[in-house]
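Novice: Let me begin by handing over the structure; questions about it come next.
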Amino acid sequence: MAVKITDICIACGACIDECPVGAIVDDSENPTGADTYYVYADKCVECVGHHDSPACMEACPTEGCIVRGA
Ligand code: SF4
Ligand code: SF4
């Protein structure tokens with residue numbers, strides 16, 4: 001149960017501080033080497049127990065950038 005940041009991420013930074021479990025890293029720390037932010041699937045809890053919906057998806061200005069089901 002995790003969300004995924006897709007390749008249309010513009011690295012704006014709006015999501016990272018919203019994550020209650022520190023699952024998001026910025027482009028400089030993306031383990032895939034892509035120039036996007038990245039969600040560690042083993043840390044992401046889809047905000048269950050923290051928010052009613054994924055906080056990163058709420059914060060992201062890029063439509064369809066963050067998707068569920070990673
Ligand atoms: S869904 Fe919630 S827990 Fe998962 S990366 Fe986004 S903000 Fe973090
Ligand atoms: S808010 Fe969206 S576009 Fe901005 S860094 Fe996060 S995933 Fe990328």
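The values are calculated or read from the model by the stated rules, or taken from the named source; none is laboratory data. These numbers were taken from a predicted model, which means no experiment stands behind them. Ligands, DNA and RNA are excluded from the accessible area calculation, which covers all protein heavy atoms including side chains. Shrake-Rupley method; radii C 1.70, N 1.55, O 1.52, S 1.80 Å.
Novice: Can you compute 3J(HN,Hα) from phi for each residue in the range 10-25, using the Karplus curve 6.51 cos²θ - 1.76 cosθ + 1.60 with θ = phi - 60°, rounded to whole Hz and x for Gly and Pro?
Specialist: For the range 10-25, the Karplus curve yields 9, 6, 7, x, 5, 7, 4, 6, 7, 6, x, 10, x, 7, 9, 10 Hz.
Novice: Leaving ligands, DNA and RNA out of it, report the carbon-plus-sulfur percent of the accessible area of the chain at a 1.4 Å probe. Don't skip to the end; give the middle numbers.
Specialist: Details: 1980 of 4180 Å².
Its accessible area is 47 percent carbon and sulfur atoms.
Novice: Just the number please: accessible area per residue for the chain, 1.4 Å probe, all protein chains included, in Å². Don't jump to the answer; show the numbers that get you there.
Specialist: On the way: 4180 Å² over 70 residues.
On a per-residue basis, the chain sits at 60 Å².
Novice: Given the -39500 (n - 2.57) contribution per DSSP H run of 4+ residues, what per-residue ellipticity at 222 nm results for the chain, rounded to the nearest 500 deg cm²/dmol?
Specialist: Working: 1 runs with 5 residues, N = 70.
After summing the helix terms and dividing by residue count, I get -1500 deg cm²/dmol.
Novice: Size of the chain along its principal axes in angstrom, Cα-based, largest extent first?
Specialist: Extents along the principal axes, in whole Å: 30, 23, 21.
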